[in-house]
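The values are calculated or read from the model by the stated rules, or taken from the named source; none is laboratory data. No experiment lies behind these values; they were computed from the predicted model shown. Positions of Cβ are generated from backbone atoms using ideal geometry, with glycine treated the same way; all protein chains shown enter the neighbour counts. All accessible areas refer to the heavy atoms of the entire protein, side chains included, with ligands and DNA or RNA removed. Shrake-Rupley method; radii C 1.70, N 1.55, O 1.52, S 1.80 Å.
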Amino acid sequence: MRITMFRKLMAGEFGQVRAEMIAHDHVLSSLGGRTADQALEAGIGAKEVWLAVCDAFEVPENRR
């Protein structure tokens, strides 16, 4: 998955503004205590980051 697809999925699930806030501010323990943005910058794959966000926010399987 590309980062652009990650951003599109985030905006589709949470709305553009909230998606940006979540990616920038919400620390995910499953990503080593990083935010989604920090994880992406550290080289963690966009799909892994997306699934971590989905787990944290209980996104239903059919929207992952």
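Quick notes on this structure:
- Against the criterion of being in contact (Cβ under 8 Å) with a residue 24 or more places away in the chain, charged (D, E, K, R) and open to solvent by 60 Å² or more (accessible area, probe 1.4 Å), residue 55 qualifies.
- When residues of segment 1-24 are limited to those that are in a helix (DSSP H, G or I) and more than 11 Å from the chain's Cα centre (by Cα), the one farthest from residue 57 (Cα to Cα): 4
- Number of positions in segment 6-52 that are open to solvent by 50 Å² or more (accessible area, probe 1.4 Å), touching a strand residue (DSSP E or B) at 6+ places or on another chain (Cβ under 9 Å) and of a type outside the set (Lys, Arg): 7
- Options 53, 59; residue that is within 10 Å of the chain's Cα centre (by Cα) and either in a loop (DSSP other than H, G, I, E, B) or modelled with pLDDT of 95 or more (or both): 53
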